[in-house]
1. Once you charge only the Cβ atoms, +1 for Lys and Arg and -1 for Asp and Glu, what is the size of the charge dipole of the chain about its Cα centre, to the nearest 20 debye?
2. In a shell of Cβ-Cβ distance under 12 Å around L235, excluding L235 itself, what net charge do Lys and Arg (+1) and Asp and Glu (-1) give?
3. Once you have the Kirkwood Rh of the range 143-290 from its Cα pairs, apply Stokes-Einstein at 10 °C and 1.306 mPa s and quote D in µm²/s.
4. Tell me, what % of the accessible area of the chain is carbon and sulfur with a 1.4 angstrom probe?
5. I need to check one value: relative contact order of the range 133-276, counting alpha carbon pairs closer than 8 Å and at least 6 residues apart, in percent.
6. How tilted is helix 109-157 with respect to the longest principal axis of the chain? Cα atoms for both, answer in degrees (0 to 90, nearest 10).
7. Can you quote the Å³ per residue value for the convex hull of the Cα atoms in the chain, rounded to an integer?
8. Can you give the accessible area of K232, probe radius 1.4 Å, in Å² rounded to 10?
Amino acid sequence: MLYVIYSKVTKTLEQADTRELRMEADKIMGQVSLDPLVIPLPPSKYSIRLQHYYNFSYEEIFTSPDFPVLSEELFLLDSYEIDTLKIVNLSQKVSESGTIILSLARSNTRLLDEVRNVKLYLITASILAIMVAGFLVFIAAGFMLRPFQKIIGVAGRINASNSIERVPVPDARDESRQLAETLNDMLSRIELSIKNQINFFASATHELKTPLAVMQTELTVSLGNTNDGQIKKILESQLMEVQRLDRIIHDFLLMSQLKGESLSIRKTEQRLEEVIYEAVKKVRYLSIERGTQIQINLMDEQTHTSQSLDFDKIQTVFINLIENAIKYSPHQSVIRINIMRDAVSIVNKTINPVTNIQSLTSEFNKSEELSSGLGMGLWLCNQIIILHEAELKLSYNDSEFSATILFGTR
């Protein structure tokens, strides 16, 4: 497109320059006379050659000093260019066999400069036009994409929960509005599905707790009424599995409440060591089975270890952490529980090195080196700790895994 414009403008300038030169030649030709001989002087920067064509031969009448030497064939052309000169030829019949031929020459430097300037102007104008068009397109695209950016922003914050945030619906009735409405319909279906799953989860765990409580009671009574060592060993094993299953179902119930955003924390003033002692009792069968010793250390006996806690919820945290420490440490090892004023750390040796520390608190995620478990214990612990405005820190160093709860950090 730019080339077409340049060609048309260049052609127009050349035609205008030729017409101007021809008009000047006409003006001079009107003043030429052979009898008497009159030869007008050309204007400044013009040069002429005046010839008389008679009986098939050219007779030179007058030639400007700077006029170029030309072949006879060129005098038959209307206009032509030689080097930096443009020359036009005019002829006027003066007799039946004679004709005056006037050749007027002028430098075409000005025309070349004008053509060069036109080329520069066109290139500059094209660059500016592209820049302005790009800026306008950027502004228009930003305005048109603003609804989509809002949708993307909200979509980036959406998580699977009991209450899912909806994307904003633009006022314009176009594809962006249709997309937002479609996404909101999809989110409504997802939210309903999550609520149904959570409700089923909660109902199933409640239903399972009753038969487990009955089984635990019957096993405890049977265990107290038998003196047969073999039967007693079997009953103790079954009771331990029932208690473990009860804790798993309890964790499932807590998880469903967390997912449904219905878990309430009822804090009362509690001593950390008392909560830990109760948690240790819950896992005593597992510690006996693996020959694990649990060592509870009060780092400063004069330190006041009371904290505002939900006893049942924080006990669940300690049970999970101590149970993990027992399961993933070597047999007959020692687990250290260090109680400080505003922190509790549980330290144990590990069978294998733990590499993916940061991902252990993710839901249904566990260390690749650990083979058992559902991978929700540390996630559950972390969520309950966050609700207590505390922080869970995990670390691994020199074959020791440490889980530390820091109270009062949020």
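1. Working: 42 positive and 50 negative charges, 229 e Å.
Magnitude of the dipole: close to 1100 debye.
2. On the way: positive: K232, K233; negative: E218, D228, E236, E241.
Cβ neighbours under 12 Å give a net charge of -2.
3. Working: Rh = 19.9 Å.
Result for D is 80 µm²/s.
4. Values: 13700 of 24750 Å².
Solvent-exposed carbon and sulfur of the chain make up 55 percent of the total.
5. Numbers: 87 pairs, mean separation 31.9, N = 144.
About 22 percent, as a whole number.
6. 20
7. Values: hull volume 131.0 nm³, N = 410.
In the chain, the Cα hull volume divided by residue count equals 320 Å³.
8. Rounded to the nearest 10, the figure is 80 Å².
The values are calculated or read from the model by the stated rules, or taken from the named source; none is laboratory data. These numbers come from a predicted model, not from an experiment. Neighbour counts run over all protein chains shown; Cβ positions are idealised from the backbone, glycine included. The accessibility values were calculated without ligands, DNA or RNA, using every heavy atom of the protein model including side chains. Shrake-Rupley method; radii C 1.70, N 1.55, O 1.52, S 1.80 Å.
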